[in-house]
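Each reported figure results from applying straightforward, stated rules to the coordinates on display, with no laboratory input. Note that the structure is predicted; figures quoted are calculated from it, not measured. A quick note on method: Cβ atoms are made from the backbone with ideal geometry, for glycine too, and the neighbour counts reach across all protein chains shown.
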Amino acid sequence: MNLLKIMKSRHSVRAFLDKAVTKTDVTTILEAARFAPSGVNTQPWSVIVVNHDYIQQIGKAITTAKEANTPESPDYHYYPTEWVEPYKSRRKACGLALYSSLDITLDQTEKRKIQWYRNYFFFGAPVGLLFFIDAKLEKGSWVDMGMFIQNVMLAAKTLGLDTCPQASLAEHPDIVRKIVNVSQEKALLCGMALGYCDVNHPVNQFRTTREDVDTFTQFLGF
Ligand SMILES: Cc1cc2nc3c(=O)[nH]c(=O)nc-3n(C[C@H](O)[C@H](O)[C@H](O)COP(=O)(O)O)c2cc1C
């Protein structure tokens, strides 16, 4: 598959096969991803790769915190507190597509919660990735992180693997840091589920849409 095809075929996968991903494969992905550009070559990324046991620990600890209504203490705000258009509608469409694929309606709050909690178990993926950045770095380095993370997702595709980037895992960074033994000097950007896509699972059937190029681009002088 050429790169353009890989870029277009990547999508978030939220159910995985019970098939192991080797350490060699994860290393191959990270070995390629590290060639992402970064301002003055700062390479601000640090990654923790976790297996099933750690995934269970993280999942149990975060769900316990959620059930106890422990306030979230993210290292940064991924989303705005107030949603405005056009993002509000896009967000709504995204949630609707996800829950409709599972036959979950808006009013089925318990079912929605159960599905949401699957995030904390990396949607059953055999491997979880946690992306940290030195908390002293500025917004520019967070941009670099995005490029690195996209590289990870595209490299995974070349090996027949799929991913779901997960900001949900950054809701309780202190819990995650404690389990994986990372100091507070590192901010948790997001997690990522990595594994072989369960192509038959209903949650993997829907695809999100994209705006056309001319809706977000202006060509000047062409
Ligand atoms: C940084 C980041 C964090 C995300 N966090 C979550 C998450 O916590 N849970 C989830 O189910 N999807 C998450 N997503 C996936 C988005 O919902 C998804 O990328 C978007 O709807 C577009 O769909 P696609 O990835 O299938 O193309 C995240 C995506 C990004 C880029």
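For this structure, a couple of remarks:
- Check on Tyr99, within 12 Å of the ligand (Cβ to nearest atom), under 14 Å from His172 (Cβ atoms) and either of a type in the set (S, T, N, Q) or under 18 Å from the mean Cα position of the chain (by Cα) (or both): no
- In segment 88-100, the condition of being polar (S, T, N, Q) and within 30 Å of Glu31 (Cα to Cα) is met by no residue.
- Selection count, segment 200-210, where residues are in a loop (DSSP other than H, G, I, E, B) and away from the ligand (no atom under 12 Å from the Cβ): 2
- Checking Glu85 against (1) more than 29 Å from Tyr196 (Cα to Cα); (2) surrounded by 12 or more Cβ atoms within 10 Å (Cβ to Cβ); (3) of a type in the set (Asp, Glu), the condition it does not meet: (2)
- Test result for Leu130, touching a residue at least 12 places away in the same chain (Cβ under 8 Å), under 15 Å from the mean Cα position of the chain (by Cα), within 12 Å of the ligand (Cβ to nearest atom) and surrounded by 15 or more Cβ atoms within 10 Å (Cβ to Cβ): no
- Segment 187-199, residues that are among the hydrophobic types (A, V, I, L, M, F, W, C) and within 12 Å of the ligand (Cβ to nearest atom): Leu188, Leu189, Cys190, Met192, Ala193, Cys197
- Residues located in segment 99-155, provided they are touching a Phe, Trp or Tyr at 6+ places or on another chain (Cβ under 6 Å) and aromatic (Phe, Trp, Tyr): Phe148
- Top-ranked residue of segment 146-186 - restricted to ones that are part of a strand (DSSP E or B) and closer than 19 Å to Tyr54 by Cβ, ranked as farthest from the ligand (Cβ to nearest atom): Lys186
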